[in-house]
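Just below is one structure, and these are the notes that go with it.
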Amino acid sequence: MIVPDKILLLPDNIANQIAAGEVIQRPASAVKELMENAVDAAATEIKLILQEAGKALVQVIDNGSGMSETDARMSFERHATSKIQSIDDLFHIRTMGFRGEALASIAAVAQVELKTKREEDEAGTYLEIENSVVKKQELIAMANGTSIAMKNLFFNVPARRNFLKSNAAEMRHIVEEFTRVALSFPHIFFSLSANGQQIFHLESGSLKQRLLHLLGGTYNAKLVAVKEETDYMNIYGFVGKPETAKKTRGDQYFFVNNRFIRSAYLNHAVMTAYQEMISVDSFPMYVLFIDLDPTQVDVNVHPTKQEIKFEDEKIVYAFVHAAIKHALAQFSVTPALDFDLDSSIQQLPSIQQPFTEERQTAATSGPIFKAFTEKHQAHVIEPDKSAGLSNWKDFFESSRSGVQTLEINIEEIQLTTHHSPPTESLLQLHTQFILVQTENGFILINQQAAHERVLYEKLGEAIKGKAIPTQQTMFPVTLELVPADFVLLEELIGDLNQFGYFIEPFGKNTFIIQGTPADVGEGNEKMILERLLEQYKNFSSEIKFSQREKLIRALAKQQAVKPGQQLGEREMQSLVNDLFNCAQPNSAPDGKPTYLEFKLEQLEKMFGR
Ligand SMILES: Nc1ncnc2c1ncn2[C@@H]1O[C@H](COP(=O)(O)OP(=O)(O)OP(=O)(O)O)[C@@H](O)[C@H]1O
Ligand SMILES: [Mg+2]
């Protein structure tokens, strides 16, 4: 029997649709791509126009170089670019684009109208494209520059259209992308209007003006300029004085050769420069530009180009860290430091002797390190994975006949602690753990993890039925947020009301907090909401969670007692009680254990008995 071959080449439009998945995930991705193209075309004015948070229309109009008729058609082909010609060019790149994928991707998943004209041409070109196919082409009269309108995103991929979030959520992503590009090019005029209303109008100006305009005038007089130049790299920009540190990570921007990037590593370099000036859970504002030879950076490691690879990231780290320390010291917001960065950055020990692999290996191969981390070593204690509610009951029931329910057991603990000798008692260790003696050993509860579990289940109940009661605040407080956070909180308000928060919009980018759940102390409202937003954003890449699930997880994390918080006897008791009344007491919502169990027989064995 002849078995036919079965591999077929995908038609172009399908191949493009698939490739588009990486580049165009939501309206905000198109905003980024189209704005970057306008920047690359050397425009001095860039206007962004939106309808329905970009779902119906994303249009970018620029006064840049424009395209010839042939280039206009070519620009929608995949791998068609004017920006590089060889792979080598990638390492000399100064433009935002280089893949020749953005327009092809947009044309594969939306209806596109392009108008473009070069200075040297009499007439401009008009093109209509749908599903990667040119539907219409004609000559038109127009000003120099380019206008690209992307309409009805994912009209031909319903499944992906359904994945789009609420308008408020999509708008938040757009404002974030717009902010990144606009911050990076303060000499370019930008405007943003949505549904006919102008939201941003940013005249060309200095970085400082642009920053204040986008991130809020409250930073005025609270900015510390950063500027260091060396042969290897330059850094400039602004960081916020320590008092401006917020509970949300919102205003943190790194640009490498003008490209916005995410880097936990460099973020760490800044954070540690602030050490001891701000509390551990707050975030300083920064807008920092790093310029270095493009040969020292690989920009082609991520489909949206938001991650890059440095040839030598340790130098960059040390440089950023030292530059921020120096800036903060110069403005005498930190005690003077004992090095002079200007003249001797290259001599810094951290640059001269980076932490080496050998040193790390030396430290981790020692017997002490091993004893704590490897199996079959005396110090290693493994959690009992099967431990669960039934085990908890067993702790007691195995030795106490007739005691039936958990509540009674807890009561007993309370009683016995007041009488000597105690058979079961609660003890807080290092203001982090609760030690509970049981008849056949003990359990060690992580107070934060346990409380997260308890809150998580309570909030889950609240969303299903009875709202958590609100306690009116005596003095309502206002909360001013950056536009992106404002849009986010607006989106969450409905559910937050159910959880006992009473919050309302109150003018531009501001909310008024009128009430909170009873266990949130007066005076803390603002901080709690800022932290909540921060938590929520940390979950934002978890597409498997619904908005509500993310909110519940964020709230549970945020409201839970933290290490360092002293707990009274009663608080410990109710926490332990609540924990073991949970449907899933043995793990926190993030899956990490809430308690570890230690059995007497295990302990005896460890002592060689
Ligand atoms: N606004 C514009 N003005 C002038 N030319 C443009 C404009 N937008 C796109 N082009 C031209 O179309 C080409 C294709 O654009 P596209 O965004 O698809 O790719 P790219 O910018 O080269 O690379 P990337 O996919 O990384 O963005 C560009 O290389 C450029 O020559
Ligand atoms: Mg591009």
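The values are calculated or read from the model by the stated rules, or taken from the named source; none is laboratory data. Predicted, not measured: the structure shown is a model, and the values here were computed from it. Here Cβ is always computed from backbone atoms with ideal geometry, including for glycine, and neighbour counts include all displayed protein chains. With ligands, DNA and RNA removed, areas are computed over all heavy atoms of the protein, side chains included. Shrake-Rupley method; radii C 1.70, N 1.55, O 1.52, S 1.80 Å.
Evaluated against (1) more than 24 Å from the chain's Cα centre (by Cα); (2) buried (at least 22 other Cβ atoms within 10 Å of the Cβ), residue 485 falls short on exactly one condition, (1). For beta carbons closer than 8 Å, sequence separation of 6+ or different chains, a first residue in the range 64-93 that is at positive phi and at pLDDT 95 or above and a second that is open to solvent by less than 70 Å² (accessible area, probe 1.4 Å) and more than 11 Å from ligand 1 (Cβ to nearest atom), the qualifying pairs are 66/121; 66/124. Residue check: residue 132 meets all listed conditions (1) surrounded by fewer than 21 Cβ atoms within 10 Å (Cβ to Cβ); (2) away from ligand 2 (no atom under 16 Å from the Cβ); (3) of a type in the set (S, T, N, Q) but one, namely (1).
Kindly indicate the residue of the range 555-609 that is outside any helix (DSSP H, G or I) and aromatic (Phe, Trp, Tyr) and also nearest to residue 438 (Cα to Cα) among those meeting that condition. Ranking the qualifying residues of the range 555-609, first place goes to 598. Within the range 108-124, the presence of a residue that is in contact (Cβ under 8 Å) with a residue 24 or more places away in the chain, more than 15 Å from ligand 2 (Cβ to nearest atom), assigned to a strand (DSSP E or B) and hydroxyl-bearing (Ser, Thr, Tyr) is excluded.
Would you point out the residue of the range 554-609, among those that are among the small types (Gly, Ala, Ser) and open to solvent by 50 Å² or more (accessible area, probe 1.4 Å), that is nearest to the chain's Cα centre (by Cα)? Lay out the reasoning, then the answer.
From the range 554-609, those among the small types (Gly, Ala, Ser) are 554, 556, 560, 564, 568, 574, 583, 587-588, 591, 608; that's our starting set.
Keeping just the survivors that are open to solvent by 50 Å² or more (accessible area, probe 1.4 Å) gives 564, 574, 583, 591, 608.
Values: 564: 26, 574: 34, 583: 30, 591: 20, 608: 49 Å.
The qualifying residue nearest to the chain's Cα centre (by Cα) is 591.
Apart from one condition, residue 67 fits all of (1) over 27 Å from the mean Cα position of the chain (by Cα); (2) within 20 Å of residue 127 (Cα to Cα); (3) open to solvent by less than 30 Å² (accessible area, probe 1.4 Å); (4) more than 12 Å from ligand 2 (Cβ to nearest atom); the exception is (3). Mind checking whether some residue in the range 18-29 is touching a Ser or Thr at 6+ places or on another chain (Cβ under 8 Å), more than 9 Å from ligand 1 (Cβ to nearest atom), modelled with pLDDT of 95 or more and of a type in the set (Gly, Ala, Ser)? Checked the range 18-29: at least one residue is touching a Ser or Thr at 6+ places or on another chain (Cβ under 8 Å), more than 9 Å from ligand 1 (Cβ to nearest atom), modelled with pLDDT of 95 or more and of a type in the set (Gly, Ala, Ser).
In this structure, does residue 98 turn out to be in contact (Cβ under 8 Å) with a residue 60 or more places away in the chain and near ligand 1 (Cβ under 6 Å from one of its atoms)? So residue 98 passes the test.
I'm checking my understanding of the structure. Among residues of the range 81-106 that are more than 12 Å from ligand 2 (Cβ to nearest atom) and of a type in the set (D, E, K, R), which one is least open to solvent (accessible area, probe 1.4 Å)? Taking the candidates together, the pick is 89. For the range 70-79, a residue qualifies if it is open to solvent by less than 40 Å² (accessible area, probe 1.4 Å) and either near ligand 2 (Cβ under 10 Å from one of its atoms) or farther than 26 Å from residue 141 by Cα (or both), and exactly one does: 75. Scan the range 46-53 and give yes if some residue there is open to solvent by 70 Å² or more (accessible area, probe 1.4 Å) and in contact with a strand residue (DSSP E or B) (Cβ under 7 Å, 6 or more places away or on another chain), otherwise no. So far as the range 46-53 goes, yes, one or more of its residues are open to solvent by 70 Å² or more (accessible area, probe 1.4 Å) and in contact with a strand residue (DSSP E or B) (Cβ under 7 Å, 6 or more places away or on another chain).
In this structure, residue 82 does not satisfy being over 20 Å from residue 204 (Cβ atoms), polar (S, T, N, Q), touching a Leu at 6+ places or on another chain (Cβ under 7 Å) and within 11 Å of ligand 1 (Cβ to nearest atom). Which residue is most open to solvent (accessible area, probe 1.4 Å), if the candidates are limited to the range 432-478 and must be under 26 Å from residue 530 (Cα atoms) and of a type in the set (D, E, K, R)? Of everything passing the filter in the range 432-478, 466 is most open to solvent (accessible area, probe 1.4 Å).
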